[in-house]
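The values are calculated or read from the model by the stated rules, or taken from the named source; none is laboratory data. This structure is a prediction, so every number in the text was calculated from the model and none was measured. Counting neighbours? That spans all protein chains shown, and the Cβs are built from the backbone with ideal geometry, glycine included.
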Amino acid sequence: MTGLVNFDEILQEADGIILARGNLRIDLPPDKVFLFQKAVVYKCNMAGKPAVVTPDNLRPTRSEATDVANVVLDGKIKQTSCLVSGADAILLGAETMWGLYPIETIYIVGKICVEVLIA
């Protein structure tokens, strides 16, 4: 919880932020995680520092696919308009390192990214 409360001070000292959404659920109720994520990414963009979002373990469910699509879509908006929003990267973790479906995970994330970018 200390990191959440002191985020602005941490951002001032950090070169960038990796936002592990799964860990956020430890300190925040589920209905607040997306708001904190958006606020963190926005503050990183305003400070000119990279924001990397790690989605929950990606087994291709609808909600996890939507999470990835939103991160990519926010980044697409960032690149193609005057708006400053969106994460700079998606960091895949456990599922691609030791999960049961590493190849499928990469394939699905790649498909989602392509679909969003051509939309």
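Condition check: in contact with an Asp or Glu (Cβ under 8 Å, 6 or more places away or on another chain) and either of a type in the set (S, T, N, Q) or under 23 Å from Ala69 (Cβ atoms) (or both). Does Pro50 satisfy that? So that I can check it myself, show each step before the final result.
Details: in contact with an Asp or Glu (Cβ under 8 Å, 6 or more places away or on another chain): yes; either of a type in the set (S, T, N, Q) or under 23 Å from Ala69 (Cβ atoms) (or both): yes.
Criteria met by Pro50.
Check every one of the helices (runs of 4 or more DSSP H) wholly within segment 1-84 and list those with 3 or more residues that are surrounded by 14 or more Cβ atoms within 10 Å (Cβ to Cβ) and at pLDDT below 70.
On the way: elements: 2-5, 7-13, 21-27, 30-47, 62-80.
Result: 62-80.
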